[in-house]
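Notes to accompany the following structure.
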Amino acid sequence: MSQHKSILIVGAGQAGAMAAAALRKLGHGGRIVMAGGERHAPYERPPLSKSVLADSAQDGSIGVHPASFYAEHEVELRLGTPVTALDPAQRVAHCADGDAIRYDACLLATGGNARALPVLPPDAPHVHYLRTLDDAARLRSAMQIAGEVVVIGGGFLGLETASTAAGLGLRVTLIESADRLLGRALPPELSDWLAQRARAQGVALRLGCGIAACEAQAGGVHLCLADGTALHAPLVVVAIGQAPEVTLGAAAGLALHPVNGGIQVDERGRTSAPGIYAAGDCCSQYQPLFGAEVRLESWQSANEQARIAAAAMLGLATEPAATPWFWTDQFGCNVQMLGAAQDGTRYAWRGIAASDAPAPRFMLLGTRQGRLSHAIAVNAGGDLRQLRALFGQAIESVLPRLCDDALPLRQLVRDIQAQAASPITL
């Protein structure tokens, strides 16, 4: 790509900010414009349910880049100025302020929106959704005067919010319609362990229990559960997932995945329209690990897709995406996951700890057809990094040794790699 060509990034979030940095790192000297609807410079979202929700002093510490980055790297940052329409044929973007931006390549990094419960819309009194920094500030203020909160949703965001609220001394009830926590991300045995730990931290769990009816009232929210019980809470947080923000892409005629709704991209981040790319939570991409096209909503995925799309916009080759990795902090545990839970995965424990232990530390190793395909580390991120070298390899014969937490993992991995490289069986 010519150094004089212009690149437009629609969306001032994680993926957009990382794409801008990658473009400059790869040597692009042309114009970069980043337009976003929020008034804040790009920031990281994972802290919103954790450190930022607990402490307003953290608001200014979550920028993707230092505040000076955009001027120093000549990135035109247009905050509070959403793009309202794209003309792929003319390669023009129209903004809410009436401006038109011409581009040679465009990256859609529009992220997603919190899924709403029709019976508890975002504008209902005492009801909160958590997606933006402003959302976190409003919820934080509400939590400071509420002694109790009901969290609807037992996914990562719901659990993190419940953990933060409990840590601040609020009485917390978490409602999840499924019969276990994080059912799509964790094996049942770890879901059960996590539920026990949440209860040990004072969270009342209502699993396998949907909401039959609810009403937002002046003094709080009245909830009638499917099992016939009723709850009244001064504060309700709805955390039931997010939907991809694809309004622009759909209006521009880009292909969307018929099931997950994301903007379809190839392995290089290219959409169905020439010159338009997509990255982050808004896009759907084939993932070899799953053998299917999926949307990966994670910090790492946004970074990797942004990096790859930036290289593609410049016509450059780059390394393929790394194995999916995700983390969450809740109830005194840092939980990191490499790979993904899939049907047919068998799990073995490396170490074990009581759910009420002050500092539990252990791992679960998941294999499919004898190969390491999923690894979960609880307060053992360093060990997980060691296991990266074995990911995708056949480990069935050495699994008992890997699960013996009396043996140092670093040396085990080295020995296994050496054995695999040697024609002589040890």
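Here are the numbers for this structure:
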| quantity | calculated |
| --- | --- |
| Where only C-alpha atoms are counted, convex hull volume of segment 169-275 per residue in Å³ | 189 Å³ |
| For the chain, accessible area per residue (1.4 Å probe, heavy atoms of protein chains only), Å² | 44 Å² |
| Highest-fluctuation residue, Ala12, Ala230, Ala340 considered, GNM on the chain with Cα pairs under 10 Å | Ala230 |
| Exposure rule at most 12 other beta-carbon atoms within 10 Å, DSSP loop trypsin sites (Lys or Arg not before Pro): the chain longest free segment | 185-426 |
| Whole-Å semi-axes of segment 259-397's equivalent ellipsoid (Cα gyration tensor) | 32, 17, 14 |
| Fluctuation leader among Ile152, Ile101, Ile276 - the chain, Gaussian network, Cα springs under 10 angstrom | Ile101 |
| Spherically averaged projected area in nm², based on the convex hull that wraps the Cα atoms of segment 162-229 | 5.4 nm² |
| Dipole of the chain, positive end: most advanced residue of Ala178, Ala380, Gln305 [Cβ charges, Cα centre] | Ala380 |
| Kirkwood-Stokes translational diffusion coefficient of segment 117-238, alpha-carbon pairs, 37 °C, 0.692 mPa s, µm²/s | 226 µm²/s |
| Mean separation of Cα contacts under 8 Å (6+ apart) over length of the chain, as relative contact order % | 14 percent |
| Label-point gap, in nm, between Arg414 and Glu189 - each point 7 angstrom along Cα→Cβ | 2.9 nm |
| Segment Glu267-Thr323, length gained on full extension (0.36 nm per residue, minus Cα span) | 18.8 nm |
| Cα radius of gyration and Dmax for segment 332-421 (Å) | 12.6, 42 |
| Computed over segment 332-421: relative contact order in percent, which uses C-alpha pairs under 8 Å that are six or more apart | 27 percent |
| Sulfur and carbon atoms: percent of accessible area, the chain [1.4 Å] | 52 percent |
| Cubic angstrom per residue, convex hull over Cα atoms of segment 63-161 | 178 Å³ |
| Computed over segment 1-106: relative contact order in percent, which uses C-alpha pairs under 8 Å that are six or more apart | 32 percent |
| For the chain, built as a Gaussian network whose Cα springs stay under 10 Å, the top-fluctuating residue of Ala195, Ala322, Ala17 | Ala322 |
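The values are calculated or read from the model by the stated rules, or taken from the named source; none is laboratory data. In this text the structure is predicted, and so the values were computed from the model without any measurement. Using ideal geometry, Cβ is built from the backbone for each residue, glycine included, and neighbour counts are taken over all protein chains shown. SASA here: full protein model, heavy atoms, side chains in, ligands and nucleic acids out. Shrake-Rupley method; radii C 1.70, N 1.55, O 1.52, S 1.80 Å.
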